1. Check which residues have an amide H placed less than 5 Å from Leu194's amide H, if you skip close sequence neighbours.
2. Output the pairs from Lys98/Lys139; Lys207/Lys259; Lys85/Lys178; Lys144/Lys207; Lys120/Lys144; Lys85/Lys245 with a Cα-Cα distance over 25 Å in this structure; if there are none, say none.
3. Order of Phe267, Phe168 from fewest to most other C-beta atoms within 10 Å?
4. List every residue whose amide H lies under 5 Å from the amide H of Glu10, counting only residues 5 or more places away in sequence or on a different chain, with H placed 1.01 Å from N in the peptide plane.
5. Could you list Leu32, Leu184, Leu266 so that the one with the fewest beta carbons within 10 Å of its beta carbon is first and the one with the most is last?
6. Among 72-78, 242-248, how do they line up by average Cβ neighbours within 10 Å per residue, starting with the highest?
7. Grab the beta carbon distance between Asn256 and Gln93, set R0 = 35 Å, and tell me the FRET efficiency rounded to 0.05.
8. Highest GNM mean-square fluctuation, the chain, Cα pairs closer than 10 Å: which of Asp174, Asp16, Asp36?
Amino acid sequence: MAEKDLSRIEPIGVFDSGYGGLTILKEILAHLPQYDYIYLGDNARAPYGTRSFDVVYDFTRQAVEELFSRGCRLVILACNTASAKALRTLQEQLIPDKYPGHRVLGVILPTVESLSSTTKTGHIGLLATPGTVRSHSYKLEVAKIDPDMSITEIECPMWVPLVESGEFDGPGADYFVKKRIDTLMATDPQIDTLILGCTHYPLLLPKIRKYTPENVTILAQGEFVARSLENYLQRHPEIENEASKGGTVEFLTTENTDKFDSLASLFLGSDVSSTRIIL
Ligand code: DGL
């Protein structure tokens, strides 16, 4: 069999601090299975959500540069914390200076754009990491699409550690999930739409659903991000034409591969065999 010319493979990069971006990758693969992908989880340094702006920017930049060096021209930050704290600087400084022709997209805008078709009361709840909440990125984007919409933002500092440690379906998770949802609904009982503003949170979805009032619609981001990527590729033939279409996924992690492979296989519902890298 002829060897593949690796220099011609141009995968799409998908980056997260850890396992959360797999919830986005899963939807991307369901919508756009034809492309090649590289998933990179910085599990060794997760969580990002409690880290400072500068640290999140540095870690994200290192990961994006790693993916660029592996042939990705387009990288999706499948991480709200990185999207909130690093996306703009990457787009406005790093890329024009060092990587012209490359692109980085985030997850916040596609999520916010879906709100007007979901909410009736105009009252939105956001559950996210401390980093995302304190950046007020969602509040700022929501104000741009509809200044009358009200958004209540609540930090959930324990939720990512629960997922990263594999405790997302254990009884201990119930306490932390219920506590934050009770706080959110007590702050604004008119909320009818809840954004899971962290890509790790869909892994806690059965518990989140259990403690959220039935009339509240819960928005996980994977579907919106996948649709928005599809739309982006249609509008940017210069990126789409170059993206290789072998239908492969390569997994990279900065942590132990055994743990990554078993949890990632569970989340994706298919076997994962990762490679450890150092950023
Ligand atoms: N999954 C990420 C997010 O969407 C990051 C979580 C973290 O590392 O704290 O925010």
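1. Gly125, Thr217, Ile218, Leu219
2. Numbers: Lys98/Lys139 31 Å; Lys207/Lys259 23 Å; Lys85/Lys178 27 Å; Lys144/Lys207 32 Å; Lys120/Lys144 18 Å; Lys85/Lys245 31 Å.
Over 25 Å apart, Cα to Cα: Lys98/Lys139; Lys85/Lys178; Lys144/Lys207; Lys85/Lys245.
3. Numbers: Phe267 18, Phe168 25.
In increasing order of surrounding Cβ atoms, one gets Phe267, Phe168.
4. Ser244
5. Values: Leu32 18, Leu184 21, Leu266 15.
Lowest count first: Leu266, Leu32, Leu184.
6. On the way: 72-78: 26.3, 242-248: 14.3.
Going from most to least packed, we get 72-78, 242-248.
7. Values: r = 33 Å, r/R0 = 0.96.
The calculated FRET efficiency here is 0.55.
8. Asp174
Every number in this text was worked out from the coordinates using simple rules, so none of it is lab data. As the structure is a prediction and not an experimental result, all values here were calculated from the model. Heads up, the Cβs are rebuilt from the backbone with ideal geometry, glycines too, and the neighbour counts pull from every protein chain shown.
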